[in-house]
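The values are calculated or read from the model by the stated rules, or taken from the named source; none is laboratory data. Everything numeric here is computed off the predicted structure, so don't read it as measured data. Heads up, the Cβs are rebuilt from the backbone with ideal geometry, glycines too, and the neighbour counts pull from every protein chain shown. Note: accessible area is taken over every heavy atom of the protein model, side chains too, but ligands, DNA and RNA are not part of it. Shrake-Rupley method; radii C 1.70, N 1.55, O 1.52, S 1.80 Å.
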Amino acid sequence: MSYSKAKELLRLADFACSRFRGVTLADICEHFEVSHRTAQRMTSALSEAFPHAVEIAEDQTRERRWIVREVPLARLRLSGDEELEGLEFAISRLHESGDSRQARALASLRDRLLAALPVKEARRAEADAEAMLEVHGVAARPGPFVAVAQAVTDAVTAALRGPYRLRFSYNDSLRLVEPYGVLLGARRYLVGRQPDKGLKLRHFRFDRIRAVEVTDEWFARDFDFDLAAHASRAFGSFQDDSQFGEVVWRFAPETADRAAEWRFHPDQRVRLTEDGALEVRFTASGWLEMAWHLYQWGDTVQVIKPKQLADIVHAARRADFDALP
């Protein structure tokens, strides 16, 4: 559902709540200046979004009325059990990445939602969510990541909310940084600016941040900054302007189907060549992280561009891997 449609749905819920006898299709048409057919779609969406709150009744003229009763927010299940599944998924991923603070906050929200549901329904929802997590392999997901001190995570979160400047020791040097966001991966990076070193955005590894302190110095963020666009300049979480440029990989015909399942970069362009190979193109930096990934593909991948990456990868290709990523 789009943001604008969600707002209209909430407006309709408020409108229906304000009328003790509920609202009719004619009321909706007049109030929202929509057609009869659109009003029907709006009432269908209202009943689907708030199944515990919406009643449909007929008055003496046999005209249908939609009545919205006040109930706890937790019972207005916008997506049913999918909401709890989504919360459990997010909590699990946050724990995996070492962000215990955010995981605890979501776990508290989950517990309050469950507490507001009838006992039988809450137990069923919990069981369904747990089963879905196991199916998706989230409940126990293997894989390495760099441990991060909770104090660092908490400080960065608090500073981003301000936004306030952060003061910390980094590589034995005291830094004053304006935080702009966080890049997640095997390592976690803080994206920020050092006012004493200009407007260039810099990356700071969480595991190297020491003696962190949230100052009371508020700063004006650059509203044109887009974290997703900034992150796309790298293949992973490491960026190097001197390496930024077009990247072209060629996956052998016998590997093309497997490679086509992967999204190597948000802006990638792919095409099948006449011999059945898969060509992948994108623009980014981070040759070492690219090389680490491409090593898993053995001798089934060829780097066309850039030459510097090809020199790193081609010397290490192997033909004896039993499986591909």
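Table for the structure above
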{"read-out": "Full-extension gain in nm, Ser47 to Asp111, via 0.36 nm per residue minus C-alpha separation", "value": "20.5 nm"}
{"read-out": "Protein accessible area in region 148-188, 1.4 Å probe - carbon and sulfur %", "value": "49 percent"}
{"read-out": "Nearest-0.05 FRET efficiency for Glu55 and Gln150, computed from C-beta distance (R0 56 Å)", "value": "0.75"}
{"read-out": "Gain on full stretching of the segment that runs from Tyr295 to Phe244 - 0.36 nm per residue minus C-alpha separation", "value": "16.3 nm"}
{"read-out": "Residue order for Glu274, Glu48, Glu33 - accessible surface, 1.4 angstrom probe, largest first", "value": "Glu274, Glu33, Glu48"}
{"read-out": "In sequence order, calculated HN-Hα J values of region 314-324 (Karplus, 6.51, -1.76, 1.60; Hz; x Gly/Pro)", "value": "5, 6, 10, 5, 10, 10, 10, 6, 7, 9, 10"}
{"read-out": "Karplus-derived HN-Hα couplings along region 268-282 (A = 6.51, B = -1.76, C = 1.60, θ = phi - 60°), whole Hz, x at Gly and Pro", "value": "5, 10, 10, 7, 8, 7, 4, 8, x, 6, 10, 9, 10, 10, 6"}
{"read-out": "Coil-residue chymotrypsin sites (Phe, Trp or Tyr not before Pro) of region 236-299, DSSP, other Cβ within 10 Å capped at 15", "value": "Phe244, Trp262"}
{"read-out": "Neighbour net charge for Lys305 - beta-carbon separation under 9 angstrom, K R +1, D E -1", "value": "+1"}
{"read-out": "Gap separating the Cα centres of region 280-325 and region 12-64, nearest whole Å", "value": "58 Å"}
{"read-out": "Distance (nanometres) between label positions extended 7 Å along Cα→Cβ at Asn171 and Ala26", "value": "7.4 nm"}
{"read-out": "Two-site FRET efficiency, Arg210 against Arg101, from Cβ-Cβ distance with R₀ of 22 Å, rounded to 0.05", "value": "0.75"}
{"read-out": "Unit Cα scatterers, Debye sum, region 233-274: log10 I(q)/I(0) for q = 0.18, 0.28 Å⁻¹", "value": "-0.63, -1.10"}
{"read-out": "Normalised alpha carbon radius of gyration of region 183-325 [divisor 2.2 N^0.38 Å]", "value": "1.26"}
{"read-out": "FRET efficiency, Glu254 to Thr283 (Cβ-Cβ, R0 35 Å, nearest 0.05)", "value": "0.80"}
{"read-out": "Mean separation of Cα contacts under 8 Å, 6 or more apart, over the residue count of region 1-62: relative contact order %", "value": "26 percent"}
{"read-out": "Net charge dipole size for region 148-300 [Lys, Arg +1 and Asp, Glu -1 on Cβ; Debye, nearest 20]", "value": "540 debye"}
{"read-out": "Cα-centred dipole magnitude for region 4-61, charges only on beta-carbon of K, R (+1) and D, E (-1), debye, nearest 20", "value": "220 debye"}
{"read-out": "Rounded to whole Hz, the Karplus (6.51, -1.76, 1.60) HN-Hα couplings of region 58-63, x for glycine and proline", "value": "10, 8, 5, 8, 6, 8"}
